[in-house]
1. What relative contact order, as a whole-number percentage, does the chain give when Cα pairs under 8 Å and 6 or more residues apart are counted?
2. Can you give the Kirkwood hydrodynamic radius of the chain from its Cα pairs, in Å with one decimal?
3. Please give the Cα centre distance for segment 181-197 versus segment 93-133, rounded to the nearest Å.
4. Can you compute the helix-only [θ] at 222 nm over the chain? Use -39500 (n - 2.57) per DSSP H run of at least 4 residues, normalise by all residues, nearest 500 deg cm²/dmol.
5. Restricting to Cα pairs below 8 Å that are 6+ residues apart, what does the relative contact order work out to for segment 1-105? Please round to a whole percent.
6. Fully extended, how many nm does the chain gain between residue 53 and residue 187 (0.36 nm per residue separation, minus their Cα-Cα distance)?
7. Counting pairwise Cα distances across segment 1-99, what percent come out greater than 22 angstrom?
8. Compute the length gained on full extension between residue 197 and residue 170: take 0.36 nm times their separation in residues and subtract their Cα-Cα distance, giving the result in nm to one decimal.
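We did not get these values from a lab; they are worked out from the coordinates using the rules stated. Small disclaimer: the values here were computed from a predicted structure and weren't measured.
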Ligand code: ADP
């Protein structure tokens, strides 16, 4: 059985994380943020080390260990009854993050909608990241060169994921709106999907 899935998509600082956390509190929706799963690893974990190595350069962690981490998390959440694949919709934030990951997950995910959050105000995005750097102690948000590199990685590697899923299921959301209005736009669309939430 494939997981019924909604993807949150957007550049670093576009507000996916904020929306994902709220959506994950709604019964019938299960939120997974790939960056959080990496940050929850212990520093002594070899994958935790690999994550620091790549994320501190603004680069993506290699695909195989990333997909393995995702599977372990989803299967763990299913076993401990936090996620019920038969009824819940998976809200994915930060995965798949390149075309190859989308290809690897082709037989696992039934992607019903992709929400592309776009923030045209670059200053606002960088400000959000720098505020988060302090609040969440994220080194990759603190340094402007790393932020620039992450934005470039997004343009070059992540954006092609949109072509993989095609324009019919991609919904554009202006994330310069307030978080409440961004949420409202996303919820309106999710309510229209035939997913019984
Ligand atoms: P943001 O979207 O703000 O850049 P995330 O928390 O989603 O932040 O990701 C932080 C870092 O974690 C990324 O820069 C990357 O190094 C790594 N990462 C997260 N998800 C993936 C993924 N699916 N594939 C590869 N690397 C990932």
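1. The normalised contact order for the chain reaches 35 percent.
2. It is 17.2 Å.
3. Cα centres, segment 181-197 to segment 93-133: 18 Å.
4. Dividing the helical sum by the residues of the chain leaves -14000 deg cm²/dmol.
5. Relative CO of segment 1-105 lands at 45 percent.
6. 44.6 nm
7. Result: 29 percent of Cα pairs exceed 22 Å.
8. 7.8 nm
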